[in-house]
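**Q** Sharing a structure with you now.
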């Protein structure tokens, strides 16, 4: 049996996430203690809100790392199990690297706070947009290639692709996609993630990543931009920089994990977004959610 540990990205947050874990497991409590030490004030926002403060990308990103890592460390302590591989969706790649001991929790919290601040500052509010498109990803790629200011941002499921770019570019792509019979749903996002408009954020975070101490991961972590396993710590600054402007190749990542022998997928942290995507990519896959104390305590394979 080979376990693939999966870690969610933005949009999976909720006020109070992980709090039950901190009361039940000292390993999770230690994570939230470190949050308060590294980013004073964030723990209170995670535990009590308000939701609009937690939703701010500069808070949401490190908060999701904390909640996901708390769930993972509680599960490991309770079960004694270790994954064979890990992957994270966008921001979740940082959680995956912490789980694999390639990145310290403190550095992950610091980097994701900066990542959120830089991404929000990269584009004026309202200048960018994102849409979820239902239909053939090849048509999505074709339309984006012919539309200035739009590109695929997340290949989430076989028939769900998120596009990102300028407001005008995404609106033009939406119209062209609808004309081809595809459904395009505008997303409520604070910035157009995973597209070239994020270049200032990538440039800002790159020096921080270059000076971060990365260690060899204890199990392979699949990178968003390559959909391939990586065990080379020297590659991580480049992969994480490229990730800010590049597409999340989630469908290929899950297919590659299955091809490598993963037969159980566990989503660590709040929400069930990745569980839903994996079911659409691999309908017969075994998928388990671990985001609450009860889910850790009741865990069975």
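**Q** Just the Cα atoms of segment 1-124: what Rg and Dmax do they give in Å?
**A** In Å, with Rg to one decimal and Dmax whole: 13.8, 47.
**Q** Also, quick follow-up: Based on C-alpha coordinates, I'd like the Rg and Dmax of the chain, in Å.
**A** 18.3, 55
**Q** Note the angle between two axes, namely the Cα long axis of helix 167-179 and the longest principal axis of the Cα atoms of the chain, as a number of degrees from 0 to 90, rounded to the nearest 10.
**A** Around 70 degrees separate the two axes.
**Q** So how do 25, 7, 299 line up by other beta-carbon neighbours within 10 Å, fewest first?
**A** In increasing order of surrounding Cβ atoms, one gets 299, 25, 7.
**Q** Considering the alpha-carbon set of segment 188-301 alone, what are its Rg and its Dmax in angstrom?
**A** Using the Cα atoms of segment 188-301, the pair Rg, Dmax is 16.2, 45 Å.
**Q** Helix 57-79 versus the longest principal axis of the chain: what is the Cα-based angle in degrees, 0 to 90, to the nearest 10?
**A** 40
**Q** Please identify, among 152, 233, 220, the residue showing maximal mean-square fluctuation in a Gaussian network model of the chain using a 10 angstrom Cα cutoff.
**A** In this elastic network of the chain, the residue with the biggest mean-square fluctuation among 152, 233, 220 is 233.
**Q** Let me ask another. For helix 199-210, what angle does its Cα long axis make with the longest principal axis of the chain, in degrees from 0 to 90 and rounded to 10?
**A** Approximately 30 degrees, to the nearest 10.
**Q** Mind jotting down a quarter of the surface of the convex hull over the alpha carbons of segment 116-263, in square nanometres, one decimal?
**A** 9.4
**Q** If you rank 37, 89, 78 by fewest surrounding Cβ atoms within 10 Å, what's the result?
**A** 37, 78, 89
**Q** Counting only Cα atoms, I'd like the Rg/Rh figure for segment 128-186, Kirkwood definition for Rh.
**A** On the Cα set of segment 128-186, Rg over Rh gives 0.90.
**Q** Would you mind calculating the gained length between residue 180 and residue 272 on full extension (0.36 nm times residue separation, minus the Cα-Cα distance), in nm to one decimal?
**A** Length gained, residue 180 through residue 272: 30.0 nm.
**Q** Still on this structure, please answer the following. Report the Cα centroid-to-centroid distance between segment 112-136 and segment 202-228 in angstrom, as an integer.
**A** Taking the Cα centre of segment 202-228 as reference, the centre of segment 112-136 is 20 Å away.
**Q** If you don't mind, another one. Give, in nm to one decimal, the length gained when the segment between residue 82 and residue 136 is fully stretched (0.36 nm per residue of separation minus the Cα-Cα distance).
**A** Answer, rounded to one decimal: 15.8 nm.
**Q** Cut-off is 10 Å between beta-carbons; in what order do 32, 72 appear when sorted fewest neighbours first?
**A** Ranked by crowding around the Cβ, least crowded first: 32, 72.
**Q** Hey, another quick one. Pick out which of 157, 202, 77 has the largest mean-square fluctuation in a Gaussian network model of the chain, springs linking Cα atoms closer than 10 Å.
**A** The residue with the greatest mean-square fluctuation here is 77.
**Q** Another question, then. Count the DSSP beta bridges whose two residues both fall in the chain, then state the antiparallel fraction as a percent rounded to the nearest 5.
**A** If I count the DSSP bridges inside the chain, around 55 percent turn out antiparallel.
Readers should treat all values here as calculations from the given coordinates under stated rules, not as data from a laboratory. Keep in mind that this is a model prediction, so the values were computed, not measured. Reconstructed Cβ throughout: ideal geometry from the backbone, glycine too, with neighbour counts over all protein chains shown.
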